[in-house]
1. So what's the gap between the Cα centers of segment 1-80 and segment 111-139, to the nearest angstrom?
2. Starting from the Cα of residue 107, step 7 Å along the direction of its Cβ; do the same at residue 15; then give the gap between the two resulting points in nm.
3. Taking the Cα centre of segment 9-296 as the origin, how large is its charge dipole in debye, to the nearest 20, when only Lys and Arg (+1) and Asp and Glu (-1) carry charge on their Cβ atoms?
4. I need the phi-derived Karplus couplings for segment 154-161: 6.51 cos²θ - 1.76 cosθ + 1.60, θ = phi - 60°, integer Hz, Gly and Pro marked x.
5. Near the amide H of residue 63, under 5 Å away, which other amide H atoms are found, from residues 5 or more places off or on another chain, if H is placed in the peptide plane?
6. Given the pairs 209/229; 107/229; 209/291, which span a C-alpha to C-alpha distance of over 31 angstrom in this model?
7. Under 5 Å between amide H atoms, partner at least 5 residues away or on a different chain: which partners does residue 298 have, H built in plane at 1.01 Å?
8. Which of 55, 23 has the fewest other C-beta atoms within 10 Å, and how do the rest follow up to the most?
Amino acid sequence: MNHSFVFEDADLVTIRRAYARQMLAVAGIAGDPALEDAFAAVPRERFLGPPPWRMVAAHGGGYRDLPSSDPVLAYQDVNFALVAERGVNNGSPSLHARWLHHAGLKKGSRVAHIGAGTGYYTALMAHLVGPEGHVTAVEFDPALAGPARGNLAGLGNVAVVEGDGAEWPKETVDCIYVNFLVQAPAERWIESLAPGGRLVFPLGVPRPKPSPSGGTHTLYGAGLCIERKGARFAARWLGPASFVHAEGALAGGHDETGLLKAAFERGGVEFVRSLRWNEPGVLGRCWFRGKDWSLSYDEPS
């Protein structure tokens, strides 16, 4: 076998297209050519940092170094370490394919990407919204915000902000896309959604102790898509989700952690149909019922 074969740029174009089609298929998505084009257009290897790249090993095995920096290795449905000691990764392409499909980004959409990392999924969003749209990429960690700014510098429809995701966006947007685990959505995320706008985020409970490979990750978690419908909010379950836990204002202890943990242990999050905001929700009709917000089995009314 010839191990010295080098893929040319034309080969990588074909490989990215195959990868894009595979990720959408794994996510169960048909009929979203714009999303396939975005995955096919953005070179993932440019967002992984300098080699050796570290891949998240299967079955909780921590990280392992890849044997080479051949860019073709980036086109797999695996996570790559961005900051291994804190468990921050460039996450699963098939999961993000499913989430981006439900985010419903269109040409001209205004997006806030909260927890942008080094910008790979920001770049996909920028491709989806086109030059007439705009993406604000918010990253708390300066060690990631700096590379993101460099990686995205050529995109005129992207602005990178180093800041706390709980404080963004500063204006009304069509989509807020969050890439870290929270135990409740930030108020600004809900209040900043335009009519018909969508919030896509992982809700869950963190493990009581950091992971052996670094960072505090999900004990129980679910992806949710929240859509503003007038004064009400529809909710849809997007499947299980595992992310590193929030930093900054959203990182501290939460008064309702026990209630949320009990809700996950009871099951049924897949039947949630609405978010009730600034109201506790109807007893007996909620999967989770907090002090001033809830996730209900009832359709928004």
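Values quoted throughout were computed directly from the atomic coordinates according to the rules given, and no laboratory measurement underlies them. Quick caveat: nothing in here was measured; it's all calculated off a predicted structure. Every residue, glycine among them, receives a Cβ derived from its backbone with ideal geometry; neighbour counts consider all protein chains shown.
1. After rounding, the separation between the Cα centres reads 19 Å.
2. Reported label-point gap for residue 107 and residue 15 is 3.1 nm.
3. On the way: 29 positive and 28 negative charges, 157 e Å.
Value, rounded to 20: 760 debye.
4. These are the phi-based 3J(HN,Hα) values: x, 9, x, 9, 10, 10, 9, 10 Hz.
5. So residue 63 has HN proximity to 57.
6. Numbers: 209/229 38 Å; 107/229 21 Å; 209/291 26 Å.
In this structure, 209/229 lie more than 31 Å apart at Cα.
7. Those lying under 5 Å, H to H, from residue 298 are 273, 274.
8. Working: 55 19, 23 24.
Least to most surrounded, the residues fall as 55, 23.
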